[in-house]
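Bear in mind these aren't lab numbers, they're just calculated from the coordinates by the rules spelled out. Because the structure is a prediction, the values reported are computed rather than measured. Every residue, glycine among them, receives a Cβ derived from its backbone with ideal geometry; neighbour counts consider all protein chains shown.
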Amino acid sequence: MFQNLEKQQNEKWGAILKWANDNHGLDLRATNNLIDPPQVTDKCHENVKRWLLSTNFWALHGINYGTEAGKSILIMMALVAGRITATEAAELSRLEQMYQAKIWGNVEWSHDIEHQTLCSRLSASALFYYFTSNSDVTKKISANA
C-alpha cells in the first residue's frame, strides 16, 4: 500500500527536485529515512538565498505567500518559473493527503474546498510575483496611473 505512495512521491517530486537541482545549482535529494535525513548544504542555502535576493521587495511577498500556502519553496520556485501550474503545485503540496483520501474517502465540503483554496492562493501568489517583477507590466501600469 505505501509503496504506491512512495512511487507517486518519487515520480512527482523527482521531476521537481531534478529541475531545481539543474536550474538553481542545488543538490537536494529525496529520502525515506526520518532518522538520518539528508543535510541541506551551505551551497544549497546560498543558491536559494541568491535567487530570493534577485527578486524585488513586492515579488518577494508573492513568493512568501505562495511558499506559506504550498508549504514548499521548491513548489513556488517551479510555479513562478512556469515549470508547473497552480493546480499541479496544489497537487504536489497535498500529495500525501490526496493519497489518504483515495484510501479512506474524501470529505467533499472539506478536502475539495481546501484544494480549491490552495489553488487560488498559489495562483494569486504567482500572478502577484509576475506583475510585480515583470518590468514591462510594471512600466505599463505606471504609465497608466
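In which sequence would F128, F57 go, from the one with the fewest C-beta neighbours within 10 Å to the one with the most?
Ranked by crowding around the Cβ, least crowded first: F57, F128.
Distance between the C-alpha centers of the range 1-32 and the range 35-93? Whole Å please.
14
Using the alpha-carbon atoms, what tilt in degrees (0 to 90, nearest 10) does helix 2-24 show relative to the longest principal axis of the chain?
30
Note the angle between two axes, namely the Cα long axis of helix 135-144 and the longest principal axis of the Cα atoms of the chain, as a number of degrees from 0 to 90, rounded to the nearest 10.
Approximately 50 degrees, to the nearest 10.
Tilt of helix 113-133 relative to the longest C-alpha principal axis of the chain, in degrees (0 to 90, nearest 10)?
So the inclination is approximately 30 degrees.
Could you order peptides 101-108, 90-97 by the average number of other Cβ atoms within 10 Å of their residues, highest first?
90-97, 101-108
Positive end of the dipole of the chain, charges at C-beta (+1 Lys, Arg; -1 Asp, Glu), about the Cα centre: which of I35, Y65, W109 has its Cα farthest in that direction?
Farthest along the dipole direction, towards plus: Y65.
What number do you get for the chain when its Cα radius of gyration is normalised by 2.2 N^0.38 Å, N = residues?
In units of the globular-protein estimate, the chain measures up at 1.17.
Sorted from fewest to most neighbouring beta carbons within 10 Å, what does the list L34, L60, L118 look like?
L34, L60, L118
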